[in-house]
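The structure appears right after this line, and notes come after that.
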Amino acid sequence: MFIRQLEYLVALAREKHFARAATACHVSQPALSSAIRVLEKELNLMIVQRGRRYIGLTSEGERVLVWAQQTLASLAHMREDASTARSSMAGTLRIGAIPTTMTIAAFLTGPCRAAYPQIHYTISSLSAEAIVSQLDHFELDVGLTYLDDTAIEGFEKLHLFDERYVLLADRSKVLEATLTWEQAARLPLCLLTGKMRNRQIIDAAFRRAGTQPTVIVEADSLFALYAHVSEAGLFSIVPQSLLNFFDLANRVQAKPLLPPLTRAIGLIARNQPSLAPITAAFWEIARVIDLQARFDSALSGMA
């Protein structure tokens, strides 16, 4: 059995198409199909359901897939460990982040890059559910997500900060120092779309306040919300961590909402006897960074 056979199987399960899997593995489709057939012969079981096109894996194939993913992940960790032994931490760290934390990743990768300049990063914007799924399937090394989600039970967790939601408005608007959710509901709002967890959290806060928000614009981009606040005279509700990237001096202002709405944000990783070297290095650097103080100071500076 060759490592490449396992790589072909994982690619096929991910792409769900023989030709695309072959392209991802930089081999011809016949070569990929032949390698998987050889794997089936070696294991004496059928892995792929046969048809005119890819249908899926058999139940036995699904179990083999889990072992293949674990084997490939262990191999990658071994290579990283060997790299560390040569006094040069090198490799790629795969990070999955919920959309509202994509900018936060920079506060972590910056210090990590200063300590380990040969580490590279891929950062993907994913739903909380997708982060859990891809960690389970060894497609991510670490997730940046909500920590109060029951779906992450069993993962290694590192609390980074408690996110607080604030009202974002144009600098020209005259507002009270703080606003209630009832007051915010009467303003013309632009919010993320209803399918996004951030919006669901905000909608729940309005329901608890016994009110219905006035939503004028929905978008799947936080910077689209920022543009509609600064240029179209609308209001929005955003995580306070974003204030570090907004022009608070000239274009927008932020006001706390009462009662406060907070969510715990942090890192998660597969719960294993020990983290892979690169993941462990990133984790330890994140552990000593005080993001809470940084984000709170941005909000207090608006007072």
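The values are calculated or read from the model by the stated rules, or taken from the named source; none is laboratory data. Treat the numbers as computed from the prediction; the structure is a model and nothing was measured. Ideal geometry is used to build each Cβ from the backbone, glycine not excepted, and the neighbour counts take in all protein chains shown. Accessible surface is based on the protein model in full, side chains and every heavy atom, while ligands, DNA and RNA are left aside. Shrake-Rupley method; radii C 1.70, N 1.55, O 1.52, S 1.80 Å.
Counting only protein heavy atoms and a probe of 1.4 Å, the accessible surface of the chain is 53% carbon and sulfur. Sticking with the crude label model, points 7 Å out along Cα→Cβ, report the distance from residue 67 to residue 133 in nm, one decimal please. Rounded to a tenth, the inter-label distance reads 2.5 nm.
Relative contact order for the range 144-303: what is it in percent, counting Cα pairs under 8 Å that are at least 6 residues apart?
Numbers: 258 pairs, mean separation 67.9, N = 160.
Relative contact order for the range 144-303 comes out at 42 percent.
Calculated accessible area for the range 169-278 comes out at 46 Å² per residue, all protein chains present (probe 1.4 Å; ligands, DNA, RNA ignored).
Could you give the length gained by full extension between residue 148 and residue 264, i.e. 0.36 nm per residue of separation minus their alpha carbon distance, to one decimal place? It would help to have the intermediate numbers written out before the result.
Values: separation 116, 0.36 × 116 = 41.76 nm, distance 0.63 nm.
Difference between extended and current length: 41.1 nm.
Per-peptide packing, taken as the mean over residues of other Cβ atoms within 10 Å, places 14-21, 241-248 in the sequence 241-248, 14-21 from highest down. Dividing the C-alpha radius of gyration of the chain by 2.2 N^0.38 Å, with N its residue count, gives 1.20.
Using only alpha carbon pairs under 8 Å that are at least six residues apart, calculate the relative contact order of the chain and give it in whole percent.
Numbers: 482 pairs, mean separation 61.8, N = 303.
20 percent.
Working ranking of peptides 56-64, 89-97 by packing, defined as the average number of other Cβ atoms within 10 Å per residue, highest first, is 89-97, 56-64. Between residue 2 and residue 251, full extension at 0.36 nm per residue minus the direct alpha carbon distance yields a gain of 83.8 nm. Between residue 182 and residue 78, the contour length at 0.36 nm per residue exceeds the alpha carbon distance by 31.9 nm. Looking at the square roots a ≥ b ≥ c of the eigenvalues of the Cα gyration tensor of the range 38-156, which shape do they give, rounded for a/c under 1.5, prolate if a/b is larger than b/c, or oblate? Oblate shape, in that a/c is at least 1.5 and b/c is the bigger or equal ratio.
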